[in-house]
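Only one structure is covered here, and it is reproduced in the block below.
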Amino acid sequence: MKEARRLFTLHGFQATSLDQIAGEARLTKGAIYHHFSNKTEIYAAIFEQQCVELTRLVSNASAEESDVWKRVLAQCEAFFDFSRLTALPLVPLHEVIGVLGWTRWREIEEKNTLAIVRDSVEALIAADMLKINNAELVSSVIHATLTDAAITAGRSGYSDKVRAEAIDVVTQMIGGLLVK
């Protein structure tokens, strides 16, 4: 998985072959096929691993915060810090959706980052802080905003300035949903 993740990150999904993965991991293709039915399944497993890592980071970043709004802000910052803090390279999100398809990507996200967003939205609703009380809709919109902002920030090099702007855009958008 580690070698496949590195190769997919360096070369992309299309340009990475199972032969390359097997060679770098010092395995036979048969050994790989014992665990995965194809290259897409390896890619999906890597993406899911990334999502679990991101979910853990976001959860840990806000675990100690009792104020609901401050917890949401800490989660947004952690979301955009993930690419800097992970020890392993990341497969690019814009490629993941194309490789896995929207439905498979969404299934993985729903168990991970979307679940955290939904929990935060439900906490904001429970605290009577949101103008709209449709947790599913609000969670989906916030998650889509975070995802697209991460793709855009990633394509522009994730500088400190871009990170700060992405956090500002997302938190202002969420802040616009708050009861004043």
What tally of residues in region 53-103 results from selecting those that are open to solvent by 60 Å² or more (accessible area, probe 1.4 Å), of a type outside the set (D, E, K, R) and either in a helix (DSSP H, G or I) or in contact (Cβ under 8 Å) with a residue 12 or more places away in the chain (or both)?
-> 6
Just give me the residues in region 80-108 being modelled with pLDDT of 95 or more and either of a type in the set (D, E, K, R) or touching a Gly at 6+ places or on another chain (Cβ under 6 Å) (or both), in sequence order.
-> Arg104, Glu107
Determine the pairs where a residue that is under 14 Å from Val58 (Cβ atoms), located within region 105-121, has a partner that is aliphatic (A, V, I, L, M) and open to solvent by 50 Å² or more (accessible area, probe 1.4 Å) with Cβ atoms under 8 Å apart, the partner being 6 or more residues away or on another chain.
-> Asn112/Val52
Please indicate, with yes or no, whether at least one residue in region 111-126 is more than 18 Å from Thr9 (Cβ to Cβ), in contact with a helix residue (DSSP H, G or I) (Cβ under 8 Å, 6 or more places away or on another chain) and acidic (Asp, Glu).
-> yes
Note on region 147-163: residues assigned to a helix (DSSP H, G or I) and within 14 Å of His94 (Cβ to Cβ) are Thr147, Asp148, Ala149, Ala150, Ile151, Thr152, Ala153, Gly154, Arg155
Filter result for Ala22 (within 23 Å of Ile142 (Cα to Cα), open to solvent by less than 60 Å² (accessible area, probe 1.4 Å) and touching a Ser or Thr at 6+ places or on another chain (Cβ under 9 Å)) | no
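The values are calculated or read from the model by the stated rules, or taken from the named source; none is laboratory data. None of these values were measured; they are calculated from a predicted model. Methodologically, a virtual Cβ is constructed for each residue, glycine included, from the backbone with ideal geometry; neighbour enumeration extends over all protein chains shown. Note: accessible area is taken over every heavy atom of the protein model, side chains too, but ligands, DNA and RNA are not part of it. Shrake-Rupley method; radii C 1.70, N 1.55, O 1.52, S 1.80 Å.
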